[in-house]
Amino acid sequence: MPGEPSGTLRHDAIGLREVLFQSITAMAPAAAVAASIPSGAAFAGGSLPLAVLIALVACLFTASCVAELARELPAAGSVATYAARGLHPAVGFLVGWAYVFVEMLVPPLLLLQLGFTAAGTLHAEWSAYPGDLWWPWSLAGAAVIAGTGYLGVRASARFGTVLGVFEVLVLLVFAVLLITEAGSANTLSVFGTSHTADGYTGATGVFAGSVYTVLAFAGFEAAAPLAEETRDPRRTMHRAVLGAALGIGLFYVLTTYAITVYVGPDRFAGFGAAGEASWEGVARASFGLFWVLVFLAVVNSTIANANASANVSTRTAFALARIRVLPGLLATLHPRHRSPVAGIAVQTAVAVGAALGLGFAHGPVTAFLLLATVIVTVVVGVYIVVNLSCAGYFLRSGRAALKPVRHLLSPVLGTVAFVPALLTAAGLPVFDFVTELTPPVSYAGPVVGGWMVLGLVVLLVLIRRHPERIAETARVHLDAHDPGADRQGGAVPR
């Protein structure tokens, strides 16, 4: 656009609708409903709707912290900038280092799911199709994501909006059908503790289920890295992050309630992600060809989530490359579309390499579980740091800006809520419902640890040779082009 500096992302390119669906699709609502949330049924049983409701409340504490910081610090660096301003620039660098790494692994995770979901379903319908021919679908998905990313944030965000609307509508319609068919079986007792699975009675089962379902909420913060490309980012980011967390959280509660009362609360402990006792299985058995729409919604969800995560990883990498704590090549922008083309190329290479390499080495499902464990472990850790950053930022800002409930109580409660999820994701058997991880999924811990050790080495080198670059992680670059940004979220003096 005329008047914009050539080295900046395209300002005012998207609005609330697009950034809202950036967060919504990053949460992968259809895939989460069909695969992630049912994992909690083994513990919560027919009380899973209550577990999801508790998880929603817990996640809203952290979503509130992200929203508050996104309003004050609209930056492509998002969580890295928040940690730098709320805690210390060195912490901001490490958070950014971890966040770029983990968000670059989300697209290959989703490409694997796209591959084995499409191949498995096609094989079930037409036995002539090889059930292990998953990789062409992964490559096709990678090409679509790379193409939309190359065309710029406007094309990518609008593509995500269309996909997000489709998957949410399909599952909402299906939920209404299930509730209607359940008839007199509809009951609010599923919001109590009387239907938990054997061995996990009462509140214990509900708590265990909520820990597993809380992981389905990951991604609500994905709007934040698009701040520099959004109209009125301080207001829009706040609304998008909270709106996505609350809206999709209620969507999770409704859809979980619908499938629970349809299957039967006392038989729900055996519900899962595949087979007859699954969303697709119920659709096949009871609603004819409607299963096709459910299948398409899940496939759609994998592509939409990969697209949203690619936006996050490339924008965060751009922000860190711009201040030269990552290779400057990642800050290269397309002259017309203003998209971070070098970052998109690297993201695509990582996605294809990780999906095919791990998929062929361990099988697509096992590779999916390995990447999922790495991703969840890092993301939950980042959420905990962001909670602390929120408290730190507003404590430093003075009494006028500090609101004790939003800026102190919410961070504490958000941290408490995510600690059990972190231990569960890492497979640390602190609670009796945590399953210890086995190889190759157990390799996730050493992979994360190795990456963070490497980040610490890079940090020490930068502090020794270029300390000003680490300080730059706290800078809000958008404020340099915003004459009205004379506030605590303004640019850090250089």
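The values are calculated or read from the model by the stated rules, or taken from the named source; none is laboratory data. These numbers come from a predicted model, not from an experiment. Please note: Cβ atoms are built from the backbone with ideal geometry, for glycine as well, and neighbour counts cover all protein chains shown. Protein only, heavy atoms only, side chains kept; ligands, DNA and RNA dropped before computing areas. Shrake-Rupley method; radii C 1.70, N 1.55, O 1.52, S 1.80 Å.
Tabulated data
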read-out: Qualifying residue in segment 259-273 (condition: closer than 30 Å to ASP198 by Cβ, under 24 Å from the mean Cα position of the chain (by Cα) and at pLDDT 95 or above); value: yes
read-out: Filtered residue count, segment 181-221, keeping only those that are β-branched (Val, Ile, Thr) and over 15 Å from SER39 (Cα atoms); value: 5
read-out: Yes/no for PRO429 being under 21 Å from ALA208 (Cα atoms), surrounded by fewer than 19 Cβ atoms within 10 Å (Cβ to Cβ) and without any contact (Cβ under 8 Å) to a residue 24 or more places away in the chain; value: yes
read-out: Residue match in segment 436-448 (condition: of a type in the set (Phe, Trp, Tyr), in a helix (DSSP H, G or I) and open to solvent by 50 Å² or more (accessible area, probe 1.4 Å)); value: yes
read-out: Some residue of segment 130-140 being under 20 Å from the mean Cα position of the chain (by Cα) and in contact (Cβ under 8 Å) with a residue 24 or more places away in the chain; value: yes
read-out: Scan of segment 427-458 for residues that are modelled with pLDDT of 90 or more and touching a Gly at 6+ places or on another chain (Cβ under 6 Å), ordered by number; value: none
read-out: Verdict on PHE174 being part of a helix (DSSP H, G or I), at pLDDT 90 or above and under 19 Å from ARG315 (Cβ atoms); value: no
read-out: Residue match in segment 356-368 (condition: among the hydroxyl-bearing types (Ser, Thr, Tyr) and modelled with pLDDT of 95 or more); value: no
read-out: Tally, over segment 228-242, of residues that are acidic (Asp, Glu) and surrounded by 20 or more Cβ atoms within 10 Å (Cβ to Cβ); value: 2
read-out: Selected residue (only one of THR314, THR302 is in contact (Cβ under 8 Å) with a residue 12 or more places away in the chain, part of a helix (DSSP H, G or I), touching a Leu at 6+ places or on another chain (Cβ under 6 Å) and open to solvent by less than 40 Å² (accessible area, probe 1.4 Å)); value: THR302
read-out: Residues located in segment 207-227, provided they are over 18 Å from THR373 (Cα atoms) and surrounded by 24 or more Cβ atoms within 10 Å (Cβ to Cβ); value: PHE220, GLU221, ALA222, ALA223, ALA224, PRO225, LEU226, ALA227
read-out: Scope segment 409-426; condition farther than 20 Å from VAL79 by Cα, touching a residue at least 24 places away in the same chain (Cβ under 8 Å) and part of a helix (DSSP H, G or I); matching residues; value: PRO420, THR424, ALA425
read-out: Single match in SER138, SER127, SER156 (criterion: within 27 Å of PHE290 (Cβ to Cβ), of a type in the set (Ser, Thr, Tyr) and either in contact with a Pro (Cβ under 6 Å, 6 or more places away or on another chain) or buried (at least 24 other Cβ atoms within 10 Å of the Cβ) (or both)); value: SER138
read-out: Subset of segment 374-408 that is free of Cβ contacts under 8 Å to residues at least 40 places away in the same chain and part of a helix (DSSP H, G or I) - its residue that is least open to solvent (accessible area, probe 1.4 Å); value: ILE384
read-out: Residue list for segment 317-352, filter: open to solvent by less than 30 Å² (accessible area, probe 1.4 Å) and closer than 28 Å to VAL33 by Cα; value: GLN347, ALA351
read-out: Top-ranked residue in segment 287-331 [being touching an Asp or Glu at 6+ places or on another chain (Cβ under 7 Å) and polar (S, T, N, Q); ranked as farthest from ALA471 (Cα to Cα)]; value: ASN300
